[in-house]
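In what follows, a structure is listed as structure tokens, so that the remarks can point back to it.
The values are calculated or read from the model by the stated rules, or taken from the named source; none is laboratory data. In this text, all values refer to a predicted model and were calculated from it rather than measured experimentally. No Cβ is skipped: glycine too gets one built from the backbone with ideal geometry, and neighbour counts run over all protein chains shown. Keep in mind that these areas ignore ligands, DNA and RNA; they rest on the heavy atoms of the full protein, side chains included. Shrake-Rupley method; radii C 1.70, N 1.55, O 1.52, S 1.80 Å.
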Amino acid sequence: MVKKGKFITLEGMDGAGKSTHIPAIIDQIKALGETVVCTREPGGTPLAEQLRAILLHQAMHAETETLLMFAARREHIEQVIAPAIARGDCVISDRFTDATYAYQAGAKAVPIAKINVLETWVQGDLQPDMTLLFDVPVAVSLERLALARTPDKFEREGADFFEKLRNAYLARAKQDPARFRIINGNQALAAVKEEVKVSIEEFFSTN
Ligand code: TYD
């Protein structure tokens with residue numbers, strides 16, 4: 001029987017720096033002999049990428065946004081995540097459902113109970129095995145975004161939105177400490193890299 005693959009997700013506010021670390025994470029996991037599938041949300045399939053373009057650039061009701069996130073996720077799980085896990089591959093997803101709890105529930109006040117229903121519907125019992133949460137103070141995130149390329153809809157939000165977002169992510173991590181590793185993104189890049197590397201080493205040595 002093929003061993004079940006691992007499912008690792010990366011989370012954090014815009015500007016927390018998670019995307020910078022993806023190439024090194026892929027290399028590290030490949031070096032352990034794993035086949036890596038790297039993907040992202042919203043997106044990861046042709047249809048879900050079309051939904052991403054709408055989600056990132058068009059204003060809409062927060063619940064419409066939640067429903068479209070889960071519609072994209074349904075495709076993504078069906079076409080990419082579930083088959084890869086079944087093959088025994090290691091899936092790395094740049095964001096997953098924790099982002100919906102943080103952005104749509106935490107920052108935009110969509111009731112958590114509604115997200116719970118969609119999560120059960122769309123995911124069944126699929127959950128990440130490990131989530132790296134890149135955490136930085138709001139001021140740092142806003143500073144980085146101000147220097148970055150043209151912002152999308154979420155990246156144009158103000159400090160109050162980002163404060164709620166950060167708190168929601170940290171609250172999720174507190175609820176499930178066995179799954180989450182909080183990475184301190186507010187230090188020199190080499191130190192962040194080392195924290196990420198150690199988290200991955202520890203995960204694979206015990207899973
Ligand atoms: P992001 O992952 O930051 O990509 P990039 O680095 O290209 O900007 O962009 C995705 C955006 O979508 C991000 O602002 C968070 C938002 N998002 C949600 O609001 N809810 C979700 O469930 C997901 C997956 C993402």
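Couple of notes before you dig in:
- Qualifying residues in segment 112-129 (those that are more than 15 Å from the ligand (Cβ to nearest atom) and charged (D, E, K, R)) - the one most open to solvent (accessible area, probe 1.4 Å): 125
- Of the listed requirements (1) of a type outside the set (Val, Ile, Thr); (2) within 12 Å of the ligand (Cβ to nearest atom); (3) in a strand (DSSP E or B), residue 169 misses just one: (3).
- Test: residue in segment 187-207 that is touching a strand residue (DSSP E or B) at 6+ places or on another chain (Cβ under 8 Å), of a type in the set (S, T, N, Q), within 15 Å of the ligand (Cβ to nearest atom) and part of a loop (DSSP other than H, G, I, E, B): no
Okay, residues lined up against (1) open to solvent by 30 Å² or more (accessible area, probe 1.4 Å); (2) out of contact with any helix residue (DSSP H, G or I) (no Cβ under 9 Å at 6 or more places or on another chain):
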| residue | (1), (2) |
| --- | --- |
| 4 | yes, no |
| 8 | no, no |
| 20 | yes, no |
| 24 | yes, no |
| 62 | no, no |
| 74 | yes, no |
| 78 | yes, yes |
| 85 | no, yes |
| 107 | no, no |
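- When we screen 109, 71, 99, 86 for residues that are more than 15 Å from the ligand (Cβ to nearest atom) and in contact (Cβ under 8 Å) with a residue 12 or more places away in the chain, the only hit is 86.
- Scanning segment 141-161 turns up no residue that is loosely packed, with under 14 Cβ neighbours inside 10 Å, assigned to a loop (DSSP other than H, G, I, E, B) and under 16 Å from the mean Cα position of the chain (by Cα).
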